[in-house]
Each structure stands twice: as C-alpha cells, then as structure tokens.
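The values are calculated or read from the model by the stated rules, or taken from the named source; none is laboratory data. Predicted model, so just to flag it, every value in this text is computed and none were measured. Positions of Cβ are backbone-derived with ideal geometry, glycine not excepted, and every protein chain shown enters the neighbour counts.
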C-alpha cells in the first residue's frame, strides 16, 4: 500500500517529489491534550514510511533527478524507439510525423512526414526503423535516412489488419505487433489480436488472442518472454516465446493497462497508465513516476541507456535514471550453408565463447531437404538413429526426434530456404551439428567448439 506524507507547507509528498499536489493539513482530534512534539514525531514517522524502500524510486531514479521537458507543441506523441547510438525517435500521430531527438546535439529534427498515422516504432539490427502505420493498416520498414519504406505486413488470412499499434523485434528479426481497432467503425479481422512476422519477411502468424484491446508489448533481451498489454481490460499478460516465435503459457502479470512499455536491466517492467508505473519481474508494484503530462509511451535511451524518455501527449520528456535499460548482449552471427550435390555443410566447424549470444543462419543451397540440429557432445549418432526410427512419422516431425540430446536446431528446409537459430552458447565443450534426414547424417556433420570466455576467435 502506498504511503503518503504531508509536509509543513501542506503538500503531499509522493515518490521523491515527482508529484506535488496541494492538500490541507488534517485536523487532529484531541489537539488540546496532545503536544506539538507528539504531532511532529508522528509527522516524521509518516514521512519515513513514505520514503521509497528497496527496489523503489530511490534505487531506480538518479539522485535529485526530475522530469525535463525536451520539446513540446505536438498533438499526440507516441511510439519512442532508441537507435544504436542512443538517439530517440518518436511519432506525432495526428501530425503524421516521426521525430528524432539527437542525444549528443540535444536537438529535435523531423525524420519522416506523411507517415500514415505511424504509431509504434522499433529499430532492426540493420538500422531500418520499423513502424506500425495505423491509417494504412500495415507494418513498414523505413530506410535509415527515412526516405523510403517497404511493406512488411498488410494482411492476414487475406484480410487487412484493423489498425497496427505497437511492435517489438526479436533477436532473429521476427516482428511481434498488436492490432487493436482504434477509430474504425468495423473490424477488418475477426477480433483484436497479436501477430508475428516470421524472420526475413516471412509469413504472418497470429500468436495471441483473447484481448479486449491489445496495445503495448515488449520482449525480454533473452527472447524468452513477451509482455502484452490489454489496455481495454486493464491487464498485462506474460507469454513464453517458443523457438518458432509462437507463444504459450499465457499468465496474468499484473492488474494494469498500458499504452506502451519497456524494461530495465533488472527486468523491471515500466508501464504507462496515468503515470509511468514500475513493476518488478514478479508483477509486484514498485513505484509510480509522475510527469507533467499523462504518459503514452516510454523507452530507455542515450549512449548508456540510462535516460528514460517519455512521450506524453503534447510533450516529450526525459528523466535521468540510476538503472539502465534492458539490452541484448552482442550477437555473434554465423552462416552455414549446404554444398549443392555434395551432401555436406559448407562450414565444418566454428568457435564461440561460452555465454555468447549466437545467431546461426542455416541456408539450404542443395535440392534435397536438410535440417541442422546442434546436439550434446558425443550424441550425434544416437540422435541420427532416433530420427530414422520415426519411420512414417518422420516427415510430420521434420525428422526431429523427441530427444533431450537436441539443444537447438532448424526445421527441415527446402532449396533456397533459410532458418535462423538463436541461442546462448553453453558450457565449454565440443557440440556436433548434424542433418537428421535419413541417410544424411553420415556426411552432413560439423562441430561447434565452445571455448572459455576470452578464448574464441572471430568466426
């Protein structure tokens, strides 16, 4: 329960002074029998209880920091996203603009105009800025200079989307986005859902439903969890992300709606609902951070990701923080292909360090179908035999047996197809990779060498 203190000037003190609102001092019953010292001691005790405890604003916000208005005069700001250099981009939806805040120059500029009501934004690894264009009912990618766009998704099951709102990109390049129906008289789809654009501009898959009005969403840096806000029902849900990008294990995270959201380095979730509400990873409320205007969305930015940037109606604000925003570890990118008519991988071995984030792109340049499975040390032969034993179920199961020895891997892919595998390198050791299509394992093999930290050469 939030504690509130009242100072001698008659103001209510909340969360280190982020909100100050007049409130008269209460009349004390039995004042004749009570001393001034008694009253003062009671006031001090109340103030002490009001001071943030461990895990509250005192540990999140930089000492003495207060919200700073960086720019104003907008109609409705939304969708902040941080570029690789720490600059922050955000939308002004009614004015059809995307703005850029330069952190180094402390200067605002216009990145793009005529944006079709662009709302949520997120940067891809190649520097492209992805945007939900609500008025155009699509998700697009802007070139790094903002001069051109390419459409990533505009239909599902042959029908237009309702009004794409917010998005998040996973380490594989897959895109999750919400699709509410703000401002439209009728639904284009059969409800308001969340979708996933498969990596490389692949198929659009519906991954979550059962919402009144889905809105903000954010995933964890390790790609294990996706948070989705149902702003229409005042709830935040947490999902487990599967290897293929689908979601399972829907669980209620907290009773709060949110327009946008972000994460800090400790996994705390920042929501925008009247204020910036902060919850720990268990879904327990930590604190509220109040701003002069009602926040719409929030992101960590700056070179060290230690500044909280808030889009709030007509204004754009910042708040210096003691914590930094969540970020993915540097990813090691490796590509392995197949040699046409040779039945072999074109890379027989590679080395990574334990704990490194690895993105392995498997490309099939051969005419027969192939997969690539990374297995525990010394188990390649066993896994290959288990695949053969699948018999008539082999094609249905992609020749991938239900074996605990399989750590990561692709589906069976055809000629000129590719599959992206993202994982964290395990303990040091030699980990085989193998194709388990019957007969292929004899020749289609390789080895991933996992070395201690500091021991790997660039692949």
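Here's the yes/no breakdown for (1) at pLDDT 95 or above; (2) assigned to a loop (DSSP other than H, G, I, E, B):
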{"residue": "403", "(1), (2)": "yes, yes"}
{"residue": "407", "(1), (2)": "yes, no"}
{"residue": "419", "(1), (2)": "no, no"}
{"residue": "430", "(1), (2)": "yes, no"}
{"residue": "433", "(1), (2)": "yes, no"}
{"residue": "437", "(1), (2)": "yes, yes"}
{"residue": "446", "(1), (2)": "yes, no"}
{"residue": "450", "(1), (2)": "yes, no"}
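Among the numbered conditions (1) part of a loop (DSSP other than H, G, I, E, B); (2) free of Cβ contacts under 8 Å to residues at least 40 places away in the same chain, the only one that residue 347 does not meet is (2).
Condition (residue is surrounded by 21 or more Cβ atoms within 10 Å (Cβ to Cβ), within 23 Å of residue 170 (Cα to Cα) and touching a residue at least 60 places away in the same chain (Cβ under 8 Å)) applied to the stretch 374-397: is it met by at least one residue?
yes
Of the candidates 233, 244, 249, the single residue that is more than 18 Å from residue 295 (Cβ to Cβ) and at pLDDT below 95 is 244. Based on what the data block shows, is residue 377 farther than 13 Å from residue 345 by Cβ, touching a strand residue (DSSP E or B) at 6+ places or on another chain (Cβ under 6 Å), assigned to a loop (DSSP other than H, G, I, E, B) and in the same structural domain as residue 343 (by TED's automatic domain parsing)? Yes; evaluated as a whole, the condition is true for this residue. Test residue 425 against the criterion of being under 25 Å from residue 352 (Cα atoms), in contact with a helix residue (DSSP H, G or I) (Cβ under 7 Å, 6 or more places away or on another chain) and surrounded by 19 or more Cβ atoms within 10 Å (Cβ to Cβ), and give yes or no. No.
Is it the case that residue 91 is assigned to a loop (DSSP other than H, G, I, E, B), assigned by TED's automatic domain parsing to the domain that holds residue 308 and modelled with pLDDT of 95 or more?
It is false that residue 91 is assigned to a loop (DSSP other than H, G, I, E, B), assigned by TED's automatic domain parsing to the domain that holds residue 308 and modelled with pLDDT of 95 or more.
Taken together, 69, 75 contain a single residue that is within 30 Å of residue 164 (Cα to Cα), modelled with pLDDT of 95 or more and assigned to a strand (DSSP E or B), which is 69. For the stretch 183-203, taking the residues that are modelled with pLDDT under 95 and closer than 30 Å to residue 419 by Cα, the one that is surrounded by the most Cβ atoms within 10 Å (Cβ to Cβ) is identified as 199.
Residue 288 fulfils the conditions (1) surrounded by fewer than 20 Cβ atoms within 10 Å (Cβ to Cβ); (2) under 17 Å from the mean Cα position of the chain (by Cα) except for a single criterion, (2).
Can you tell which of 207, 269 is over 26 Å from residue 287 (Cα atoms) and surrounded by 20 or more Cβ atoms within 10 Å (Cβ to Cβ)? Break it down stepwise before answering.
Values: 269 fails: over 26 Å from residue 287 (Cα atoms).
Going through 207, 269 in turn, just one is over 26 Å from residue 287 (Cα atoms) and surrounded by 20 or more Cβ atoms within 10 Å (Cβ to Cβ): 207.
Looking across the stretch 315-333 at every residue that is surrounded by fewer than 17 Cβ atoms within 10 Å (Cβ to Cβ) and assigned to a strand (DSSP E or B), the one that is modelled with the lowest pLDDT is identified as 331.
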